[in-house]
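Asker: Right, I'll just put the structure down here and ask away after.
Bear in mind these aren't lab numbers, they're just calculated from the coordinates by the rules spelled out. Here the structure is a predicted model, which means the values were calculated and not measured. Because the Cβ atoms are built from the backbone with ideal geometry, glycine has one as well, and the counts that use them run over all protein chains shown.
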Amino acid sequence: MASLNVSSVLVVLFLTCGAVMATKENDQIIKENNCESKMGLPCVLEAFTSIFNTGTISNKCCGEVVVFGKVCHSALVKRTLENPLFKDLNPAKIIAKSIQTWNNCLALIDSPSPST
């Protein structure tokens, strides 16, 4: 249960505090693409956990990640990494996990469903 509370706090920070710390480039991308309103909070939490912690992302949330778009996905991950709360994380590792999550979700959504 404590894990859920920590993750919830991280998601809130991801969505709010990051805006103050964002570079103009990421902030501009996020604003122009209306990124912060494209995903539901449960899927934001799953995606965030799979990238910044250890976790998996459901098929449903993978669908939301793909609709969210690669531009928004990348900009929000980069903006989160700019937040001082995440200064101890390895940016290269997080970006690699972000790309892996994106590619896995894209492959899942693009793959044809098995016929019955």
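Asker: Provide the net charge surrounding S58, with neighbours chosen by a C-beta distance below 12 Å and charges set as Lys +1, Arg +1, Asp -1, Glu -1.
Answerer: -1
Asker: Taking the Cα centre of each part, how many Å lie between segment 53-99 and segment 23-37?
Answerer: Taking the Cα centre of each part, segment 53-99 and segment 23-37 sit 15 Å apart.
Asker: Also: If packing is taken as the mean number of other Cβ atoms within 10 Å per residue, what is the order of 81-89, 66-74, highest first?
Answerer: Highest to lowest by the protection proxy: 66-74, 81-89.
Asker: Kindly give Rg over Rh for segment 39-116, based on alpha-carbon atoms, with the Kirkwood expression for the hydrodynamic radius.
Answerer: Across segment 39-116, the Cα-based Rg/Rh ratio is 1.01.
Asker: Here is a further query. Distance check, please: which entries in K31/K93; K38/K97; K60/K87; K38/K93; K31/K60; K24/K60 exceed 23 angstrom between their Cα atoms?
Answerer: K31/K93; K60/K87; K38/K93; K31/K60; K24/K60
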